[in-house]
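Structure, as structure tokens:
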Amino acid sequence: MLSTLSAGAAVASLLLAGSASPTSARFGEEPPTGKITITVATVNGSGCRPGSAAVAVAPDNTAFTVTYSEYLAQAGKGSKPTDSRKNCQIALSVHVPQGFTYAIARADYRGYASLAAGAKGVEQAGYYFQGQQQTVRKSHTFTGPSEANWQASDETDIDSLVYAPCGEERYFNINTELRVDASGADPQTTSFMAMDSTDGSINTLYHFAWKQCPEKRR
């Protein structure tokens, strides 16, 4: 699959460093300059076995990426019924500089799709902080025939941003799903939709919105 994804690799590799800043400036305050660390606490689902997801923080603290290495749903010739739907729930441990809190202003999901005529693929995602209600899961549908990189973005209105509780450490949970329906396609064809990358060039990008926490009264 490396050769298939290479067409979009140059663009995708620039997104982490360059595309987050405008969103961060539009939502909330300037990001903190201190160190931010994000680690994968738990990972569950048919699309992401343990060890198949990695996280990286942008150098300017405006965003972070999640990269999957085995996240692919497929249907049609040579596929099992369970192959048509893959999901992943990942819990991230996020440590931010003292006095700051964050929300997710926008999420950009990317991958590659090979869909025969009559087939369709669906990407769906939502996220939430531990102990809080999950955001509305948003879906994006792609139809065949198609053989190309795909991208879907979910943006949150500034009045609807949900920030992590100040002074508390809670997991940030991401729920994603890929589905492929090939019931309307030629049964001799195979269709797939992937959110994975074996070389780290295709990833999902989460844009931070920052704000300072109120000072504690003594």
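The values are calculated or read from the model by the stated rules, or taken from the named source; none is laboratory data. Quick caveat: nothing in here was measured; it's all calculated off a predicted structure. Please note: Cβ atoms are built from the backbone with ideal geometry, for glycine as well, and neighbour counts cover all protein chains shown. Just so you know, the surface numbers come from the protein's heavy atoms only, side chains and all, with ligands and any DNA or RNA stripped out. Shrake-Rupley method; radii C 1.70, N 1.55, O 1.52, S 1.80 Å.
Within the stretch 118-147, restricting attention to residues that are among the hydrophobic types (A, V, I, L, M, F, W, C) and open to solvent by less than 40 Å² (accessible area, probe 1.4 Å), the residue that is farthest from Thr37 (Cα to Cα) is Ala119.
Do we have Asp108 as surrounded by fewer than 18 Cβ atoms within 10 Å (Cβ to Cβ), charged (D, E, K, R) and at pLDDT 95 or above here? Answer is no for this residue. Taking Tyr102, is it of a type in the set (Ser, Thr, Tyr), open to solvent by less than 20 Å² (accessible area, probe 1.4 Å) and closer than 24 Å to Ala54 by Cβ? The answer is yes for Tyr102.
Is it the case that the stretch 26-40 has a residue that's at pLDDT 95 or above, part of a strand (DSSP E or B) and open to solvent by less than 30 Å² (accessible area, probe 1.4 Å)? Yes, because at least one residue in the stretch 26-40 is at pLDDT 95 or above, part of a strand (DSSP E or B) and open to solvent by less than 30 Å² (accessible area, probe 1.4 Å).
If the condition is being more than 12 Å from the chain's Cα centre (by Cα) and aliphatic (A, V, I, L, M), then the stretch 118-141 contributes Ala119, Val122, Val136.
Criterion applied to Glu123, Glu70, Glu147 was being touching a residue at least 12 places away in the same chain (Cβ under 8 Å), outside any strand (DSSP E or B) and not aliphatic (A, V, I, L, M), and the one residue passing it is Glu70.
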